[in-house]
Amino acid sequence: MSIQLSTPVNRQAAEALSRSKGEPEWLTAKRADAAELVETLELPKVEKTRIDRWNLSAYGQYKAAQPVSSAQELSQDIQAFVTESQAGLLVTRGSGAVFSTLSDELKAQGVIFTDLETAAREHGAIVQQYLHTVVPSNEDKLTALHSALWNGGVFVYVPKNVEVELPLQALLYNDDAEATFAPHVLIVAEANSRVTYVDNVITTGSAAQVAAIHHGIVEVVAKAGAKVSFASIHSMGEEVVDISIRRAALDNDARVEWIIGDLNDGNTLSDTKSVLNGRGSSSDSKVISIGSKKQKLSLTTQAVHWGKSTDSQMITRAVMREEATAIINGITKIEKGATKANGEQTEKVLMLSPKSRGDANPILLIDEDDVTAGHAASVGQVNPEQVYYLMSRGIAKIDAERLIIYGFLAPVVSEIPIDAVREQLQRLLERKLEA
Amino acid sequence: MSTQFIINDLKASVEGKEILKGINLEIKGGEIHAIMGPNGTGKSTLASALMGHPKYEVTDGTAHLNGEDILEMEVDERARAGMFLAMQYPSEITGVTNADFLRSAINARREEGNEISLIKFIRQMEGKMKELEMNPEFAHRYLNEGFSGGEKKRNEILQMMLLDPKLVILDEIDSGLDIDALRIVSNGVNAMRSEDRGFLVITHYQRLLNYIKPDFVHVMMQGRIVKSGGPELAERLENEGYDWVKEELGIVDETVGQA
Ligand SMILES: Nc1ncnc2c1ncn2[C@@H]1O[C@H](COP(=O)(O)OP(=O)(O)OP(=O)(O)O)[C@@H](O)[C@H]1O
Ligand SMILES: [Mg+2]
């Protein structure tokens, strides 16, 4: 199985591109090695989804982005995503960063918040130490491809004991379908630190209407006692294929909270995983999604328990309209020795039309006896008994159904800890549901 | 004009089985009619058919509320025309708070652009909740989700009070209520008694009728009203059961649609 890319990927091409951007030698070498693997590795096996049939060819070419000197210079539709109270803002456009700020206070505490290419040059030692350690380049064809060609991206570094109160926000957008849009997000939270990171992944202009790919990888390293909250809302256009792999590695007593809003209009492969290595580490994932038209969505949440007394919670709720299809996988894996681990997962799909499809697959893989685990999954339609009840109070059918649909998503939406993100998500939900 | 509700020879089926076999009933504003009858005789079916539950198919007859044929209307139109059914088993709806639901229901009765202000709504809701001795926290709970049997019934009455209907059907509003709640709910109903409003109260127990005093009592068997009388009929049923009615009318099996 091979992907026909618009630009060939090979050792020479990857090296040449890396050198032309003035990247450090170690990074050039990593990219070159990864490029070589692209040809030999297979696409990942995705449960019940034939991603080999998706249009993965429109990877585009690296195009340098033009920096802006203030957030006001960004286009209006992008500015609309900037939340009011943040500690730092980073904007990438297509293949590169165009803007970044970070409060002086956080800078003084040693926090780093910049695009990953800049970080590789300016903080090479730390980036080199962690890059591709959570999602290895040689895992499959897609991770290799990404390692060879990622660009722009985000680097967050929070030193030991530092607590970042306000969220760090990144806007990753593409307005040029010919530009490679493959951001890599690397978050390193040292022992007992705290940080909240929020991003929006957006396409506008031609990039939303022409075949294109967003290929993102997120790596979160949470050291002992660190707490990372990660929220990401994707709202890309109909012709854009979104491949997003997110993964966290947790040390003792670390915690990761994922909030994912998959609100694209195009095919989406979204895989969010926590690897609970350390004793007492915990993870909480909340994913919501709305599918419409002929969209195909593959939404996976995973938790792998290695450490003792680890805890994972995963919730996915998806609403499928028109002819959309969602395959929702929840994978709780408890390894031998992870005694007293607990893993709970729930996947629910609400189908709004006879041609929409939903498939919820809870998968528990448990190799240890002394654990607790639970799952619940359901796929259904709007309950006519509930519609009748609401209508019997005078509420019109369309409004009754709308209340029930928003109600279905509410238990996830209402738990989002950051007001601005919650409101943004609510707006995007409305846009997708009422379109 | 005081309210007038007239049911004429109403027949209804569920899943192809005829359950209501010709109901005739007239309720005027200010009146309280009680319907009693053994299990499975069609009482809830009558309530559901009048409200327009999609499973119940009206095959014959009419029902007019103040001259309007409600059987021609969608469920929500019936409600806006003034029908209200406090259900025997109210639905639970996750993610929709009681307050949001109530406000939507009130606004559904108002013109667009003339929605009730938030402040006014909250004041009204909290006032009625207080009358019903409901914990204010119930406004923010998801609609009926995890409510106890009695809490659901109180919540039904809260809706009735806020929606100001013309014809109220209470289907076993007393089931699951403790003695204090029975008094509180009955007070709520009595406070709503007026010339513009008629009540149809379905119950198994005379006890409720001590609080909500009916003007007429009807007995339902085999999908029909087989006997009508005043409050004394309920008392006799409470004391003697239904056997004497069956005997009087020569009924062996009082249920309907079991064959
Ligand atoms: N949705 C339904 N599906 C199938 N059968 C039904 C349905 N609703 C009512 N029935 C049947 O119709 C008959 C009358 O039921 P109904 O609920 O009207 O009785 P009821 O008089 O309210 O009884 P109860 O006092 O137990 O509440 C019963 O045999 C019942 O099983
Ligand atoms: Mg009944």
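The HN-Hα couplings worked out from phi for segment A:279-287 by the Karplus form 6.51 cos²θ - 1.76 cosθ + 1.60 (θ = phi - 60°) are 4, x, 6, 8, 8, 9, 10, 10, 10 Hz, whole numbers, x standing for Gly and Pro. Close amide H contacts of A:Gln345 (hydrogens built in the peptide plane, cut-off under 5 Å, sequence separation of 5 or more or a different chain): A:Met314, A:Gly374, A:His375, A:Ala376.
Defining a contact as two alpha carbons under 8 Å apart and six or more residues distant in sequence, what relative contact order in percent does segment B:116-253 show?
Working: 113 pairs, mean separation 24.7, N = 138.
In percent, rounded to a whole number, it is 18.
Legend: mean number of C-beta atoms from other chains within 10 angstrom of residue C-beta atoms, peptide B:105-115, equals 2. Per the Debye formula on identical point scatterers at the alpha carbon atoms of segment B:89-201, with no solvent, log10 I(q)/I(0) at q = 0.09, 0.10, 0.20, 0.23 Å⁻¹ is -0.23, -0.28, -1.17, -1.48.
Residues of B:74-81, mean number of Cβ from any other protein chain within 10 Å of their own Cβ, rounded to a whole number? Numbers along the way, then the final one.
Numbers: counts 3, 12, 13, 3, 3, 6, 4, 1.
Going residue by residue through B:74-81 and averaging, the value is 6.
Annotation: amide H of B:Glu145 within the under-5 Å range of B:Ile93, sequence separation 5 or more or interchain, hydrogens built in the peptide plane.
For a quick protection proxy, order the peptides B:131-137, A:179-185 by their average other-Cβ count within 10 Å, most packed first.
Working: B:131-137: 13.9, A:179-185: 26.6.
Top of the packing list down: A:179-185, B:131-137.
For a paramagnetic label modelled on A:Glu368 (point 7 Å from Cα along Cα→Cβ), amide N atoms under 20 Å away belong, within segment A:309-334, to A:309-314, A:331-334. Here the Debye sum runs over all C-alpha atoms of segment A:382-435 as equal scatterers in vacuum, and log10 of I(q)/I(0) at q = 0.17, 0.21, 0.28, 0.30 Å⁻¹ comes out as -0.60, -0.79, -1.03, -1.09. So how far, in whole Å, is the C-alpha centre of segment A:341-365 from the one of segment B:18-95? For segment A:341-365 versus segment B:18-95, the Cα centre distance is 38 Å. Taking all protein chains together and rolling a 1.4 Å probe, B:Glu74 ends up with roughly 110 Å² accessible.
Below 8 Å, C-alpha to C-alpha, sequence gap of six or more: please give me the relative contact order for chain A in percent. Write down the numbers at each step before the final one.
Working: 1181 pairs, mean separation 42.9, N = 435.
Computed value for chain A: 10 percent relative contact order.
As a ratio to 2.2 N^0.38 Å, the alpha-carbon radius of gyration for chain B is 1.01.
Restricting to bridges with both residues inside chain A, how much of the DSSP beta-bridge set is antiparallel, in percent to the nearest 5? Show your work: numbers first, answer last.
Details: 9 of 140 bridges.
About 5 percent, rounded to the nearest 5.
The Kirkwood radius of segment A:50-153, taken over pairs of alpha-carbon atoms, gives through the Stokes-Einstein law at 4 °C and 1.567 mPa s a diffusion coefficient of 81 µm² s⁻¹.
Between B and A, buried accessible area summed over both sides at probe 1.4 Å, in Å² to the nearest 100?
On the way: alone 12410 and 17390 Å², together 27860 Å².
Buried: approximately 1900 Å² between A and B.
Per residue, the convex hull spanned by the Cα atoms of segment A:11-278 measures out at 117 cubic angstrom. Of the residues A:Gln386, B:Met160, A:Ala119, the one whose Cα sits farthest towards the positive end of the charge dipole of the protein assembly as shown is A:Ala119 (charges of +1 on Lys and Arg Cβ, -1 on Asp and Glu Cβ, taken about the Cα centre).
Counting Cβ atoms of other protein chains within 10 Å of each Cβ in A:401-408 and taking the mean gives 4. Only Lys, Arg, Asp and Glu carry charge here, each on its Cβ (+1 for the first two, -1 for the last two); on that basis segment A:382-435 has a dipole of about 120 debye about its Cα centre. Rounded to the nearest 20, the size of the Cβ-charge dipole of segment A:11-278 about its Cα centre is 500 debye, with Lys and Arg at +1 and Asp and Glu at -1.
Averaged per residue, chain A has 38 square angstrom of accessible surface, using a 1.4 angstrom probe with ligands and nucleic acids left out. When restricted to Cα atoms, segment A:74-223 yields an Rg and a Dmax of 15.2, 45 Å, respectively.
For A:Glu139, the residues whose modelled amide H falls within less than 5 Å of its own, excluding neighbours fewer than 5 places apart on the same chain, are A:Ala144.
Here the Karplus relation 6.51 cos²θ - 1.76 cosθ + 1.60, evaluated at θ = phi - 60°, turns the backbone of segment A:178-183 into coupling constants of 8, 8, 4, 10, 9, x Hz, with x for every Gly and Pro. Placing a pseudo-label 7 Å from each Cα along the Cα-to-Cβ vector at A:Ala125 and B:Glu145 gives an inter-label distance of 5.1 nm.
Rounded to two decimal places and with Rh computed the Kirkwood way over Cα pairs, what is Rg over Rh for segment B:218-259? Value, to two decimals: 0.97. Dividing the helix sum by the residues of chain A, where each DSSP H run of 4 or more adds -39500 (n - 2.57), gives a mean residue ellipticity at 222 nm of -6500 deg cm²/dmol. In segment B:140-259, if every C-alpha pair distance is counted and binned at 10 Å from zero, what percent goes to each bin? Here the calculated profile for segment B:140-259 is 12, 38, 32, 17, 2, 0.
Relative to the current alpha-carbon distance between B:Glu133 and B:Tyr89, full extension at 0.36 nm per residue lengthens the span by 13.7 nm.
What does the charge count around A:Arg255 come to, taking other residues whose C-beta lies under 12 Å from its C-beta (Lys +1, Arg +1, Asp -1, Glu -1)? Once all neighbours under 12 Å are counted, the net charge is -2. Evaluated at q = 0.10, 0.11 Å⁻¹, the base-10 log of the normalised Debye intensity for the protein assembly as shown, with identical point scatterers placed on the Cα atoms, takes the values -0.94, -1.05. Using a simple spin-label model with pseudo-atoms 7 Å out from Cα toward Cβ, B:Glu111 and A:Ala108 lie 6.0 nm apart. Dipole size of the protein assembly as shown about its Cα centre, with +1 on Lys/Arg Cβ and -1 on Asp/Glu Cβ: approximately 720 debye, rounded to the nearest 20. A helix-only calculation puts chain B at -10500 deg cm²/dmol for mean residue ellipticity at 222 nm, using -39500 (n - 2.57) for each DSSP H run of at least four residues, averaged over all residues. Bridging of A:Lys432 to lysines at a Cα separation below 22 Å is possible for A:Lys286, A:Lys293, A:Lys294, A:Lys296, A:Lys348, A:Lys355, A:Lys397, once same-chain residues fewer than 8 apart are set aside.
Here the 3J(HN,Hα) profile of segment B:194-204, calculated from phi with Karplus coefficients 6.51, -1.76 and 1.60 at θ = phi - 60°, is 7, 4, 8, 9, x, 10, 10, 10, 8, 8, 9 Hz, Gly and Pro shown as x. Taking springs between alpha-carbon atoms closer than 10 angstrom, which of A:Asp369, A:Asp176, A:Asp399 fluctuates most in the Gaussian network model of chain A? Looking only at A:Asp369, A:Asp176, A:Asp399, the biggest GNM fluctuation is shown by A:Asp399. At 7 Å along the Cα-to-beta-carbon direction for both B:Asp196 and B:Glu240, put a label point, then send me their distance in nm to one decimal. If labels sit at B:Asp196 and B:Glu240, their model points lie 4.2 nm apart.
Give me the percent relative contact order of segment A:211-310, please, defined on Cα pairs under 8 angstrom at least 6 residues apart.
Result for segment A:211-310 is 27 percent.
Value of Rg to Rh for segment A:1-98, rounded to two decimals, is 1.07; Kirkwood radius and Rg both from alpha-carbon coordinates.
By accessible area, using a 1.4 Å probe on protein heavy atoms only, segment B:102-259 has 46% of its surface on carbon and sulfur.
Assuming R0 = 45 Å, what is the FRET efficiency of B:Asp178 and A:Glu423, from their Cβ-Cβ distance, to the nearest 0.05? Show your work: numbers first, answer last.
Details: r = 42 Å, r/R0 = 0.93.
Plugging the Cβ-Cβ distance into 1/(1 + (r/R0)^6) gives 0.60.
The values are calculated or read from the model by the stated rules, or taken from the named source; none is laboratory data. Quick caveat: nothing in here was measured; it's all calculated off a predicted structure. Glycine also receives a Cβ, built like all others from the backbone with ideal geometry; neighbour counts cover every protein chain displayed. Note: accessible area is taken over every heavy atom of the protein model, side chains too, but ligands, DNA and RNA are not part of it. Shrake-Rupley method; radii C 1.70, N 1.55, O 1.52, S 1.80 Å.
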